[in-house]
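First up is the structure itself, then whatever we jot down about it.
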There are 2 protein chains.
Amino acid sequence: MGRQHAERVDLAVSTVIFALRPSPDSDLMTLWLPLVRRIREPYEGRWALPGGWLSPEHDLETAARATLGRTTGLTPRYLEQLYAFGTLDRSADDTRVVSIVYWALVHADEAAQAIDSDNVEWFAVDDLPELAFDHRTIVDYAVWRLRTKMEYSRIAHGFLGETFTLAQLRQVHEAVRGCSFDPANFRRQILATGSLVDTGEHLTGTSHRPPRLYRYDTAVQPADHGPLTPSKEQA
Amino acid sequence: MGRQHAERVDLAVSTVIFALRPSPDSDLMTLWLPLVRRIREPYEGRWALPGGWLSPEHDLETAARATLGRTTGLTPRYLEQLYAFGTLDRSADDTRVVSIVYWALVHADEAAQAIDSDNVEWFAVDDLPELAFDHRTIVDYAVWRLRTKMEYSRIAHGFLGETFTLAQLRQVHEAVRGCSFDPANFRRQILATGSLVDTGEHLTGTSHRPPRLYRYDTAVQPADHGPLTPSKEQA
């Protein structure tokens with residue numbers, strides 16, 4: 001390849017930040033993520049995932065949170081390590097970079113308050129521009145992980161408030177899994193999991209038959225983190 | 001804490017290598033892993049996971065395979081990235097080390113041929129010595145991931161040959177999940193998944209009613225890696 005070996009390995013931390021926003025073409029909720037326009041080479045002008053070099057004073061999760069705050073002004077409801085990407089050719093020049101990537105979920109109402117600057121823009125996952133480095137591979141992997149995880153855990157919570165209606169929960173599942181559910185079947189199946197608690201309250205200010213509000217049963221521990229201590233901010 | 005900040009972050013790759021071996025106390029198969037005795041400070045004399053610094057010429061998986069070969073002489077049937085461990089205090093001195101950890105499964109017959117040297121020894125997961133650094137946390141997390149994964153994927157294959165009896169498959173599930181299954185129920189449930197193919201052959205040289213041999217249906221893709229291209233060696 002004529003490519004010179006790098007003399008050292010540099011370590012970066014990047015984040016894939018998911019939020020639900022309405023599709024521009026319809027009323028359906030779809031998955032969006034913020035990207036940062038690169039202002040220097042390599043890939044100057046291309047869109048990339050928010051991230052930066054790991055400082056020796058920061059642990060990995062702190063670095064991911066700092067990137068997220070700096071880019072979007074948001075605090076994630078769910079933040080988890082995704083994967084470490086470290087193939088030899090993923091940098092455009094002769095440097096060697098390993099990126100430890102985190103993924104985050106933010107609430108729709110938080111995402112609406114997100115900072116929009118000249119160099120940060122939100123894109124629908126189904127309609128991304130060409131990305132720098134191997135960031136398209138990273139996004140594809142993050143979407144796959146989100147969809148897989150939705151099937152066996154309570155990760156949908158990361159997109160919802162403390163209480164929610166079954167219709168809101170169904171919208172999250174539909175947006176992430178890219179399909180639609182029959183409302184009655186969805187209701188029956190999700191209640192059968194035993195993970196929801198009826199709060200006894202109803203959504204106010206809506207129709208003549210206001211829908212019930214549910215919350216996740218916090219007595220049932222999600223198994224996502226196993227023996228690793230989850231951060232306080234995580235669901 | 002009076003602890004000085006490190007000037008840079010060093011990157012290591014370590015591996016948790018699982019094999020099934022008979023328990024010393026009974027005929028049951030149990031989980032074992034190899035550890036390496038440290039011959040220098042910090043933690044001189046303590047047992048640690050096999051690993052080493054990441055060289056700029058090696059990608060992450062190549063580094064993990066090299067460690068595995070050097071330590072045990074084995075080629076894994078299953079190798080997957082586990083997690084990147086990077087808290088500030090995980091090194092005993094003022095250095096800052098991020099370890100990207102892989103986990104591997106090797107076959108029982110391969111594990112029997114593994115290199116045993118003065119500084120490498122196999123231990124039962126249920127009876128580990130005190131480990132160096134945060135390696136006990138890493139092992140606990142790897143065991144949890146293995147048990148979780150066993151429930152929804154074909155990862156048991158990593159412990160088995162190309163063909164196997166239902167009793168052998170049940171032994172793998174029992175060893176990993178730390179429980180026992182009624183043979184008839186296990187048979188019914190595992191066949192109902194549709195992931196096994198009856199080879200039409202039988203295990204020879206055994207009883208008067210030799211058991212049938214099965215294989216995994218390779219037409220059904222395991223979803224473990226999603227859009228990331230799995231290595232050829234992986235199941």
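Listed here are the residues, each with its yes/no results for (1) within 26 Å of A:Asp93 (Cα to Cα); (2) among the β-branched types (Val, Ile, Thr); (3) open to solvent by 20 Å² or more (accessible area, probe 1.4 Å); (4) in the same structural domain as B:Val36 (by TED's automatic domain parsing).
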| position | (1), (2), (3), (4) |
| --- | --- |
| B:Ser55 | yes, no, yes, yes |
| B:Asp59 | yes, no, yes, yes |
| B:Thr67 | no, yes, no, yes |
| B:Phe85 | no, no, no, yes |
| B:Ile138 | no, yes, no, yes |
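Look at region B:26-49: where a residue is at positive phi and a partner is outside any strand (DSSP E or B), sitting 6+ places away or on another chain with Cβ atoms under 6 Å, you get B:Tyr43/B:Ala132. If you filter region A:198-229 down to residues that are under 13 Å from A:His157 (Cβ atoms) and surrounded by 15 or more Cβ atoms within 10 Å (Cβ to Cβ), you find that the one that is modelled with the lowest pLDDT is A:Pro222.
On inspection, A:Val98 qualifies as over 20 Å from the mean Cα position of the chain (by Cα) and open to solvent by less than 10 Å² (accessible area, probe 1.4 Å). Going through (1) hydroxyl-bearing (Ser, Thr, Tyr); (2) within 20 Å of B:Phe133 (Cα to Cα); (3) within 14 Å of chain A (Cβ to nearest Cβ) one by one, B:Thr62 falls short only on (2).
Inclusion of A:Asp93 among residues that are at pLDDT below 80, closer than 30 Å to B:Ala64 by Cβ and surrounded by fewer than 22 Cβ atoms within 10 Å (Cβ to Cβ) is warranted.
When B:Ala84 is tested against (1) in contact with a strand residue (DSSP E or B) (Cβ under 6 Å, 6 or more places away or on another chain); (2) touching a residue at least 40 places away in the same chain (Cβ under 8 Å), only condition (2) is not met. Among residues of region A:187-199 that are free of Cβ contacts under 8 Å to residues at least 60 places away in the same chain, those with a Cβ under 9 angstrom from a residue that is small (Gly, Ala, Ser) and not in a helix (DSSP H, G or I), sequence gap 6+ or separate chain, pair up as A:Val197/A:Ala219. Could you tell me which residue of region B:69-83 is surrounded by the fewest Cβ atoms within 10 Å (Cβ to Cβ), considering only residues that are out of contact with any helix residue (DSSP H, G or I) (no Cβ under 6 Å at 6 or more places or on another chain) and assigned to a strand (DSSP E or B)? Applying the filter and picking the extreme gives B:Gln81. Selection over region A:140-165 of residues that are open to solvent by less than 20 Å² (accessible area, probe 1.4 Å) and either away from chain B (no Cβ under 14 Å) or outside any helix (DSSP H, G or I) (or both) gives a count of 7. Residue count for region A:43-59 under the criterion of being among the hydrophobic types (A, V, I, L, M, F, W, C), in a loop (DSSP other than H, G, I, E, B) and within 14 Å of chain B (Cβ to nearest Cβ): the result is 1. Annotation note: of B:Ala184, B:Ala192, the sole residue that is open to solvent by 60 Å² or more (accessible area, probe 1.4 Å), more than 14 Å from every other protein chain (Cβ to nearest Cβ) and modelled with pLDDT under 85 is B:Ala192.
Here A:Ser91 passes the criteria (1) within 14 Å of chain B (Cβ to nearest Cβ); (2) of a type outside the set (A, V, I, L, M, F, W, C); (3) part of a strand (DSSP E or B) except the one numbered (3). Within region B:33-50, being within 30 Å of B:Arg177 (Cα to Cα), open to solvent by less than 40 Å² (accessible area, probe 1.4 Å) and of a type outside the set (A, V, I, L, M) holds for B:Pro34, B:Trp47, B:Pro50. Being hydrophobic (A, V, I, L, M, F, W, C), out of contact with any strand residue (DSSP E or B) (no Cβ under 6 Å at 6 or more places or on another chain), crowded, with 19+ Cβ neighbours inside 10 Å and assigned to a helix (DSSP H, G or I) is the requirement here; does B:Leu169 meet it? For B:Leu169, the condition - hydrophobic (A, V, I, L, M, F, W, C), out of contact with any strand residue (DSSP E or B) (no Cβ under 6 Å at 6 or more places or on another chain), crowded, with 19+ Cβ neighbours inside 10 Å and assigned to a helix (DSSP H, G or I) - is met.
The values are calculated or read from the model by the stated rules, or taken from the named source; none is laboratory data. Everything numeric here is computed off the predicted structure, so don't read it as measured data. Here Cβ is always computed from backbone atoms with ideal geometry, including for glycine, and neighbour counts include all displayed protein chains. The accessibility values were calculated without ligands, DNA or RNA, using every heavy atom of the protein model including side chains. Shrake-Rupley method; radii C 1.70, N 1.55, O 1.52, S 1.80 Å.
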